[in-house]
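Heads up: the structure comes next, in C-alpha cells.
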Amino acid sequence: MARPRSERAHEAVIAATLKLIAEKGIDVTSVDAIAELSGVSKATIYKHWRTKESLCLEAISQVSGSLPAFETGDPRSDLIELVRYIGQAKLLRKRGLVKIWPRIMAHAIGNFAFARALRAQFDAPRRAQLTSILQQAADQGKLRSGIDLDLAMDLLFGPVMHRHFARIPMPADMPEKVVDAFWSTNAEPPS
C-alpha cells in the first residue's frame with residue numbers, strides 16, 4: 001500500500017533537510033534549497049514548519065531517536081549505562097548524527113534561540129533520566145542529595161562527548177571510570 005502524499009512529502013522534506021545540513025550546514029541551507037531538493041513547494045514547507053530552524057529541529061529529532069530508560073533499581077549501574085549509551089559512537093554514525101552534529105553545534109553557537117530549543121529537545125530527556133537516577137541514589141543513601149544537576153551533566157557526559165568531537169575512540173571501561181569519579185566525589189558520607 002502506498003503512503004499518502006502528505007506523508008511522502010513530509011519524509012522528502014526531512015530527508016532533504018538532513019542532506020543539506022550534512023553538506024552545507026544550517027546557516028547556508030535555505031528553505032528554497034530544501035524545496036528544490038525535496039520536490040515539495042516552499043508554501044507547503046511553511047505550512048508545516050513556521051521557520052527553517054523548527055524544520056531543522058524536527059529533522060534532527062528524526063535521526064536522534066529517543067533515549068531508552070535505564071531503570072534497573074541500581075542507580076550506579078543505570079548511570080554507567082546512561083553514560084555508555086550517550087558515548088556510543090557507532091550509534092551516532094548509524095543514525096547519521098556524526099555528519100550533522102558539528103554543523104548543528106556551529107549554528108547553535110551563533111543562534112541563541114536555536115541553541116535554547118536544541119538544548120530543550122536533547123538535554124531534557126537526559127536531564128530527566130539523570131535526575132531520576134540521582135534521586136534514587138540519594139533515596140537509597142548512596143549519593144548525597146542536592147547535587148548540582150548542570151555540573152553532574154557536564155562531569156558525566158562531557159568526557160564522552162569530547163571524545164566524539166575530537167574523534168578519539170572511547171575505551172570500553174571509560175563509562176565506569178567516569179561514573180566512579182563522579183560517584184566518589186558525591187557519595188553520602190558514612191554516618
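Please treat every number below as a calculation from the coordinates, not as lab data. Keep in mind it's a predicted model, so treat the numbers as computed, not measured. Using ideal geometry, Cβ is built from the backbone for each residue, glycine included, and neighbour counts are taken over all protein chains shown.
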Go through the stretch 14-51 residue by residue and tally those that are in a helix (DSSP H, G or I), small (Gly, Ala, Ser) and surrounded by 13 or more Cβ atoms within 10 Å (Cβ to Cβ).
-> 6
Within the stretch 146-191, residues without any contact (Cβ under 8 Å) to a residue 12 or more places away in the chain and of a type in the set (S, T, N, Q) come out as Ser184, Thr185, Ser191
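Scan the stretch 79-94 and tell me whether some residue there is outside any helix (DSSP H, G or I), over 24 Å from Leu20 (Cα atoms), touching a helix residue (DSSP H, G or I) at 6+ places or on another chain (Cβ under 8 Å) and of a type in the set (D, E, K, R). Let's see the steps before the verdict.
Going through the stretch 79-94, the residues outside any helix (DSSP H, G or I) turn out to be 87-88.
Now restrict to residues that are over 24 Å from Leu20 (Cα atoms): 87-88.
The next check asks that each one be touching a helix residue (DSSP H, G or I) at 6+ places or on another chain (Cβ under 8 Å); those that pass are 87.
Next, from what is left, pick out any that are of a type in the set (D, E, K, R): none.
Within the stretch 79-94, not a single residue is outside any helix (DSSP H, G or I), over 24 Å from Leu20 (Cα atoms), touching a helix residue (DSSP H, G or I) at 6+ places or on another chain (Cβ under 8 Å) and of a type in the set (D, E, K, R).
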Search result, residues across the stretch 142-191 that are under 19 Å from the mean Cα position of the chain (by Cα) and aromatic (Phe, Trp, Tyr) | Phe157, Phe165
